[in-house]
Structure formats: structure tokens, C-alpha cells
1. I want to confirm something. Restricting to the range 60-100 and keeping residues that are among the polar types (S, T, N, Q) and at pLDDT 95 or above, which single residue is farthest from the chain's Cα centre (by Cα)?
2. Return the only residue of GLU237, GLU185, GLU251 being charged (D, E, K, R) and part of a helix (DSSP H, G or I).
3. Does any residue in the range 352-363 that is of a type in the set (D, E, K, R) come within less than 9 Å, Cβ to Cβ, of a residue that is surrounded by 12 or more Cβ atoms within 10 Å (Cβ to Cβ) and at pLDDT below 95 six or more places away or on a different chain, and which pairs are these?
4. I need a count of the residues in the range 254-269 that are in contact (Cβ under 8 Å) with a residue 24 or more places away in the chain, outside any strand (DSSP E or B) and either surrounded by fewer than 23 Cβ atoms within 10 Å (Cβ to Cβ) or among the hydrophobic types (A, V, I, L, M, F, W, C) (or both).
5. Kindly list the number of the only condition in (1) assigned to a helix (DSSP H, G or I); (2) more than 19 Å from the chain's Cα centre (by Cα) that fails for ARG145.
6. Quick check: is even one residue across the range 305-324 among the small types (Gly, Ala, Ser) and farther than 30 Å from ILE30 by Cα?
7. Could you list, in sequence order, all residues of the range 122-134 that are in contact with an Asp or Glu (Cβ under 7 Å, 6 or more places away or on another chain) and outside any loop (DSSP other than H, G, I, E, B)?
8. Identify the residue in the range 358-383 that is within 31 Å of the chain's Cα centre (by Cα) and assigned to a loop (DSSP other than H, G, I, E, B) and, among all such residues, is surrounded by the most Cβ atoms within 10 Å (Cβ to Cβ).
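The values are calculated or read from the model by the stated rules, or taken from the named source; none is laboratory data. Fair warning: this is a prediction, and the values are worked out from it, not measured in the lab. Cβ placement follows ideal geometry from the backbone for every residue including glycine, while neighbour counts extend to all protein chains displayed.
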Amino acid sequence: MTEHFHAVALDRELCRGCINCIKRCPTEAIRVRDGKAHILNERCVDCGECIRVCPHHAKKAVSDPLEKLSGYTYKIALPPPSLYGQFNNMDDQDIILNALLSIGFDEVFEVGAAAELISDATRRLLAWKDGKRPQISSACPAVTRLIRVRFPHLIDNILPLVSPMELAAREAKRAAMEKTGLPAEKIGCFFITPCPAKVTAVHAPLGSQVSFVDGAIAVKDVYTALLAAMRKGGDTETLAKVGRIGMSWAESGGEAAALMSTDSYLAADGIENVIKVLEDLEDEKYSSLEFVELNVCPGGCVGGVLQVENPYIAKAKIKKMRRYTPVSMNHLEERIPIEMFWDALVQFNPVFQLGKSRTENMEKYTQMEQILKKLPALDCGCCGAPTCRAFAEDIVRGYSEVDDCTILMRQRMEAVLKALGKEG
């Protein structure tokens, strides 16, 4: 696992030092210093919201290049259900799956197939009444990271199952080893990712000691190549093995609706809505719920910042495509396999604590509150911090000084000019 790996990066040349990103970041992980944005790596959850709102395109997602396939003897593509909504005039998944084979992959394993297995496992776990209620889906890695830094009391509510992406890689690699006789290190599994959070989940996984996914390639980086392959036409091999349940995971509410055994669930998407739900869960407002599905991207995975198509149009395309598919094509046998569960604990990451000990933390918190009383409480962002509270925190941490507040500085200058005027 790579500590503090992040798929969200800053292009300093394009950054104008505006405050759009610092205002929208859910963990206050961005500051503007010396006229440029600065990402606090320990706080970033790779939700991609800064990429979405930056008017200058200074934030970008770092994903793996298609050329990485050359490092493996046998290459497996892991397409997510949301990929099916990116193309026009698609009657079924097979056209897209065959196009993936045409651009350099030896095999495809649909992530939607693994999603159907996860749905089956979730239904069983809920029926067994294990775990704290409500159970929170672990499918969106940005949500899991957000919980561990901002809502630590909810960590035990997270469903301890690996993501469909991770399960797909494990199943695909195991089957490929049996089929080809190759060792695991010569078989590469590559996820076609709609968002930066899943890139980070590959290189710095939570809940797993190591990821079986060998790379995450952005949808936008394979889109043109896939289009070209589709236009060439040719025979189409039947490859699709996903039903309506798996395909529904592409959009918000799809995972929750797949439970079928209960209607006591909640689904929310978009970072602001996700935070509101988590705050309410922390206040125990939804104790009667069985399950909560959260996606930081608006609309779910179809709204990822690495997608090409408008999320609403993509949802309509997927809805049309799944009309004639079976309800589900993948089911568990008698028990939930052990490889579907987390093999590493997800622990609280105290990035907001001011001190190393409780005493130091209280002392600095008191200092921060005293500084906050002196600030104008306008949350203007001119100091480079998203709020006056965040600015006071930066002062306590030694990152800023009170004089960096332009409002206080102006007030002092006006007072000086007024005094000089009276003396004159």
C-alpha cells in the first residue's frame, strides 16, 4: 500500500488561485498559498469535486496509461456497468466488450458480474442481522475515505465487503491462472475507471492489504480507441454475463434496489448530500434503516469526472440496454467466500486533530477558538482557507499568520488612516 497516494493532482501552470476548489472540498484539503492552490495530501479523499468545479481545469486525475498493458503477458479488462452508457446506439454490452478485446485486451470480466455477487452477499448479511445498523455500502472508495477522516464513529457501520472492482479482479485473475497456466504476476487486470477515487483504491486500497487490480485506466483515455474499434465492425462474440441488477449499479440507487429483500434503505449521491446523510447517521436519525448507499459523484458512477457522456443521458442508455436482460446472471452458492470480505481494518485517520496528545489537542483547540473570536466570520476565502475556522486552525498549526486575513488588515489600515487624518 502506498501511503498518501492520490489520483487528484494540481497543474500549477493552469491554476489562477481562485477559491472555487477550497469552497467545495468536503475535507478542507485545499489551500491557496502564494497565488496557487495547494492540496493537503493527508486530508484528500480523491472525490474529484475540485476537478468538477475548477473553471481553469487546473485539477486533474492521474490514472494509468493504456501502455501499461505491455508489462503483462495476459491482459484482462474490467469494465464497470457505467461504461455501457458512454456510447450511442448500443443494443447490448457485447459490442463494447468485443471492442475492448480489439484494443489490446485478451479477456474481459464485467465488474457488474461481481456487483451481482456483492448484492447477493449483502442480502445474506442483512438477513443474518450482523453488524451495526444501518449498514453503509463500501462500494464508493471516496465515501469510505470520507468516513475515516470525518465520521469515525460510523466506521463500524461500513459493510466489510470488497468493492465489485476488487472482487472482479480476484475472480478474473484466479480463472485466468487456471486457464492459461501463467503465474499471477504475468496476468494484468485493468479497471476502466469513471473516477479518480477508484484509481486511488487500486494503488492505496482500504479494507484490503493489497489490490488484485494492476491498473486503472480512465474511461476518457480509452473512449476514442473503443469508438474506432466499434466502427470497424466484424463478428461479435457473446461475452456479456451481467443482468439488470449488475447494470443498475451504474447509477445511484441501483445497489440499494438490488437488495430486494428489504425496502428499508436510503440512497444519496453528490458530495453535499452524502455529507448531510452521514451527519444525520452520526446523530442516529436513521436507526430504523437497514442499508445506506452513498455515491460522491452526482447520479452515481455515471457522473464520474473521468466519464465522457452526460450522466443523465448515460442513465437513459443503460436503462434501455438492460430492458431485455435477465434480472441477475450471477449468484453465490451456499456461503459467502472469505475473499469477499475485508482482510484489513479500516481505521480512523485523525487528520483534523491539532495535537499529538489529548492535552496538547485541548490547548491548541482553546487557542484556535480565541483566534476565531478575532476573525470577521465572513468565510470569504481571501486568506486562502475555506472558512475562518479553517484559517484559525492553520494559524495554530503554524501554516498562516493573523495578518494573512485581508479583512483585518484593511480594518487596521483604515484605523491608521483615520488616526493620521485626525492628527493632521
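1. THR73
2. Going through GLU237, GLU185, GLU251 in turn, the sole match is GLU185.
3. Partner pairs satisfying both residue conditions: GLU360/LEU354; GLU363/LEU354; GLU363/GLY355.
4. 7
5. Of the numbered conditions (1) assigned to a helix (DSSP H, G or I); (2) more than 19 Å from the chain's Cα centre (by Cα), the odd one out for ARG145 is (2).
6. Kept after step one, since they are among the small types (Gly, Ala, Ser), are these residues of the range 305-324: 314, 316.
Retained after the next criterion (residues that are farther than 30 Å from ILE30 by Cα): 314, 316.
Yes, the conditions are met somewhere in the range 305-324.
7. Across the range 122-134, the qualifying residue is only LEU126.
8. Once the filter is applied, the top-ranked residue is CYS383.
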